[in-house]
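Colleague: Please see the structure below; I have some questions.
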Amino acid sequence: LYTIKFEFQIMTEKWEVLADLSFIHEDNSFEEWLVQIGLEELRDVLEAHGWDNVDFINGTIQKIDLQNMAIRDKTKKALMSSIDEDLADFHNNSLPGTVEEWLDTIHLSRYLNRFLSNRICSLNRVVRIVESDLTKVFDIHPIGHRRRIMKSIRDIKNLLQLDEENEKKRRVSITQKRVVWKRSENDIRKGIFYWVCYFGCDKVESSDNSEEVRRICTKQQNKARKEIKFPTEFNMKISSTKVDLIDRLTLGTIQTFRLKDISFVSRAKGNPLFFCFVYNADRSKGLKMCHVFKAQTRDAAYGTCSTIAQAFDVGYTDERALSEDNEEIPP
């Protein structure tokens, strides 16, 4: 009995050690590759600098990196030769849907919370990251991981550009047909969602002065270009009674605009991705604020403005019907 208990204890401790090692070395093929080429002594130094996965070494490591790691010339030559001959150069061949999916494809999910905590919650923000951000903002220091991330970002930029080119070709092929954004009344009552980027607001004297509204819209665009931090991204929910700005991470409502207090909706002059609306924040004081947003595409900006206008009509119709139902019928 004592012998069995002792052996079980040893096996348990051994299992715990193996579990710890498997956590550190996520990719067994990395170690196997080094053993195969007779350079297993380089495992620790390569891992420490972020080259810990055979799928992401070729195309991210350079001779100067080996020199900085104090790897001897003979070993350096053998390693670079094996990398060129044995390991494929990695590329992102398809667009990931989310930041989590993107980090998972490059085996760096460990950094997900660092990106989300800095409000990097979409590919539109991922592609705006520069290499210095990785150390200063996201506290990612292994050079191999940084190279892997930046190489992947370049691939995503190319894929997005290709998508944009295909979209332009599609627009030409449909001979500039206007996209119809007519929504059903029931869908509007439930709420229509759009992705928007909020750029800020400014006081406006009159919603009837379209030139003043467009000037404020341009002012907020220029202000955003000068600021370092990213504009805030929201899900905009448009219904027949209100417009809600919803946090994309927590899904909580950040701000609500009563639809009957929105007096003007317009796309920006000179930049079709931007649009704005004038909101009567305080009717008693005559306080009106012009809120500026950016959509993902030209059509989305047009659709958002059209949906707000249609929602106003649906809300007005519903309110009239309700008042007529409540009206007393004379004897």
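Colleague: Identify all residues within the stretch 223-249 that are open to solvent by 70 Å² or more (accessible area, probe 1.4 Å) and either at pLDDT 90 or above or part of a helix (DSSP H, G or I) (or both); write none if there are none.
Modeller: Once the filter is applied, which keeps residues that are open to solvent by 70 Å² or more (accessible area, probe 1.4 Å) and either at pLDDT 90 or above or part of a helix (DSSP H, G or I) (or both), the stretch 223-249 yields LYS223, ARG225, LYS226, THR241, LYS242.
Colleague: Here is a follow-up. Which condition breaks for VAL126 when tested against (1) open to solvent by less than 30 Å² (accessible area, probe 1.4 Å); (2) out of contact with any Phe, Trp or Tyr (no Cβ under 6 Å at 6 or more places or on another chain); (3) closer than 17 Å to GLY144 by Cα; (4) not charged (D, E, K, R)?
Modeller: (3)
Colleague: When you scan the stretch 44-138 for helices (runs of 4 or more DSSP H) that lie fully inside it, which ones turn up with 1 or more residues that are hydroxyl-bearing (Ser, Thr, Tyr)?
Modeller: It comes to 73-86, 99-105, 112-117, 131-136.
Colleague: Considering only the stretch 41-61, how many residues are open to solvent by 20 Å² or more (accessible area, probe 1.4 Å) and more than 30 Å from LEU162 (Cα to Cα)?
Modeller: 8
Colleague: So GLY315 ticks every box in (1) open to solvent by less than 20 Å² (accessible area, probe 1.4 Å); (2) free of Cβ contacts under 8 Å to residues at least 40 places away in the same chain but one. Which box is left unticked?
Modeller: It is condition (2) that GLY315 fails.
Colleague: Determine if the stretch 150-167 includes at least one residue that is touching a Lys or Arg at 6+ places or on another chain (Cβ under 9 Å), at pLDDT below 90 and within 25 Å of LYS269 (Cβ to Cβ).
Modeller: No.
Colleague: Next question. Can you tell me which residue in the stretch 62-104 is farthest from the chain's Cα centre (by Cα), limited to those that are within 20 Å of ASP163 (Cβ to Cβ) and buried (at least 16 other Cβ atoms within 10 Å of the Cβ)?
Modeller: Residue satisfying both the conditions and the ranking: ASN92.
Colleague: Shifting gears a bit: Look through the stretch 8-62, keep the residues that are within 24 Å of LEU103 (Cα to Cα) and among the hydroxyl-bearing types (Ser, Thr, Tyr), and return whichever of them is modelled with the highest pLDDT.
Modeller: THR60
Colleague: Restricting attention to the stretch 105-118, report how many residues are surrounded by 15 or more Cβ atoms within 10 Å (Cβ to Cβ) and either under 15 Å from the mean Cα position of the chain (by Cα) or of a type in the set (Asp, Glu) (or both).
Modeller: 5
Colleague: Take the residues of the stretch 202-213 that are at pLDDT 75 or above and buried (at least 17 other Cβ atoms within 10 Å of the Cβ): which is farthest from VAL292 (Cα to Cα)?
Modeller: Going through the qualifying residues, I end up with VAL204.
Colleague: Quick check on this structure: which one of ARG114, ARG43, ARG72 is basic (Lys, Arg), over 29 Å from LYS157 (Cβ atoms), free of Cβ contacts under 8 Å to residues at least 60 places away in the same chain and touching a Phe, Trp or Tyr at 6+ places or on another chain (Cβ under 8 Å)?
Modeller: When all the criteria are applied, what remains is ARG43.
Colleague: Are any residues in the stretch 267-285 surrounded by fewer than 14 Cβ atoms within 10 Å (Cβ to Cβ) and closer than 23 Å to TYR194 by Cα, and if so, which ones?
Modeller: GLY270, the sole residue that qualifies.
Colleague: Outside any strand (DSSP E or B), open to solvent by 50 Å² or more (accessible area, probe 1.4 Å) and under 22 Å from LEU116 (Cα atoms) - does that describe any residue in the stretch 290-300?
Modeller: The answer is yes; a qualifying residue exists.
The values are calculated or read from the model by the stated rules, or taken from the named source; none is laboratory data. The structure presented is a predicted model; accordingly, all values stated were derived computationally and were not measured. Reconstructed Cβ throughout: ideal geometry from the backbone, glycine too, with neighbour counts over all protein chains shown. The area values use the complete protein model at the heavy-atom level, side chains included, leaving out ligands, DNA and RNA. Shrake-Rupley method; radii C 1.70, N 1.55, O 1.52, S 1.80 Å.
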